[in-house]
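Undergrad: The structure that follows is given in the form of structure tokens.
The values are calculated or read from the model by the stated rules, or taken from the named source; none is laboratory data. Note that the structure is predicted; figures quoted are calculated from it, not measured. Note that each Cβ is placed from the backbone with ideal geometry, even for glycine, and that neighbours are counted across all protein chains shown. Just so you know, the surface numbers come from the protein's heavy atoms only, side chains and all, with ligands and any DNA or RNA stripped out. Shrake-Rupley method; radii C 1.70, N 1.55, O 1.52, S 1.80 Å.
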Amino acid sequence: MEFNSWSRTNLCKMVLKWKVRLTWICAVSSLTGGCALYSDVQVTFPDGRTTDLVQKAFPLTNSMAAGFAGSVRIGFSLLDSLASFLKLPPEIDPNQVGWDPRWVSVNWAPLARSVFESADPAEQRLGAQILVVAASPTENSGLGAKFYFTRFSAPDFKPGIMTKPFKLCSIGSGAGISEYHASLKPLFRWSGHVSTLQADVGGPNGWVHNLSFRISQRLADHPHTGISRHMHAIIVGRRLMIVGNNDESIYRGDDPPIEIRMPPVAQTYSQFQTLAASVGHEAAGAVC
């Protein structure tokens with residue numbers, strides 16, 4: 001779709017006014033003692049065009065990961081801040097250290113506010129959210145570690161901590177799309193949880209891959225502007241971190257398979273600037 005100058009200007013104004021966060025970062029936990037963080041890779045530029053360009057969720061420690069929504073620039077700055085906050089002295093073995101999720105959430109929140117307040121006002125108007133998932137180093141729940149989900153939102157970044165043993169938490173516009181919510185909600189009743197337990201019979205973390213397939217199908221069947229078909233999936237556990245994606249090959253009769261493959265995506269803001277320029281965009285004002 002092509003935008004004329006009037007529609008581009010007004011779309012940009014609407015994005016700024018509504019602080020639209022066009023993305024989907026979704027975290028889920030299981031009674032089997034595992035957790036997964038899913039994130040799409042699409043960004044929206046001020047003229048309304050969208051491109052698959054950014055990895056939005058990353059491991060932070062051996063049992064903590066986080067993803068962002070809102071201003072791309074502020075999102076990367078917030079993750080950099082959190083990574084620095086968690087950085088250990090070189091003489092300490094990270095495999096022998098476990099961070100208390102509640103302590104991290106409460107003590108990093110003021111730093112997050114500072115990062116946001118120091119950002120360009122135009123980027124601030126795009127909003128910012130962070131979702132952190134972490135395994136407790138000492139507490140157990142169900143068949144494994146107790147998991148904490150913490151959601152932070154601009155401008156105050158007051159930590160919203162979830163501790164239920166079997167839970168779903170999302171940030172970004174995908175959290176409000178009825179087709180996505182309706183397809184995932186049944187999985188978080190007891191009857192739905194039984195299917196996740198059954199998926200684990202096929203191999204370790206089978207429930208994560210099963211849910212990744214369900215999310216991929218829902219994205220393919222109900223595409224929405226600003227949310228990509230491509231997603232990263234991070235499996236989080238106590239001293240466990242696995243990063244993957246939802247690549248797949250689709251076969252239809254004798255036709256050649258349709259290959260769904262993750263495109264090149266930025267893992268830092270400087271990489272995003274380079275990739276944005278390569279497709280004819282300025283990085284400033286990009287939102288996800």
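Undergrad: Quick one: net charge of Thr163's neighbours, Cβ under 12 Å, K/R +1, D/E -1?
TA: Result for the local shell: +3.
Undergrad: Net charge within 12 Å of Asp80 by Cβ-Cβ distance, Lys/Arg positive one each and Asp/Glu negative one each, not counting Asp80 itself?
TA: Here the charged neighbours net out to +2.
Undergrad: Ignoring ligands, DNA and RNA, how do Trp108, Trp103 rank by accessible area with a 1.4 Å probe, largest first?
TA: Trp103, Trp108
Undergrad: Shape of region 72-166 from its Cα gyration tensor (a ≥ b ≥ c, root eigenvalues): rounded if a/c is under 1.5, otherwise prolate when a/b > b/c, or oblate? Kindly include the intermediate steps, with their values, before the conclusion.
TA: Details: a/c = 2.86, a/b = 1.53, b/c = 1.87.
The shape class here is oblate.
Undergrad: Right, another one. What does the charge count around Leu37 come to, taking other residues whose C-beta lies under 13 Å from its C-beta (Lys +1, Arg +1, Asp -1, Glu -1)?
TA: Details: positive: Lys56, Arg151, Lys167; negative: Asp40.
Within the 13 Å Cβ shell, the charges total +2.
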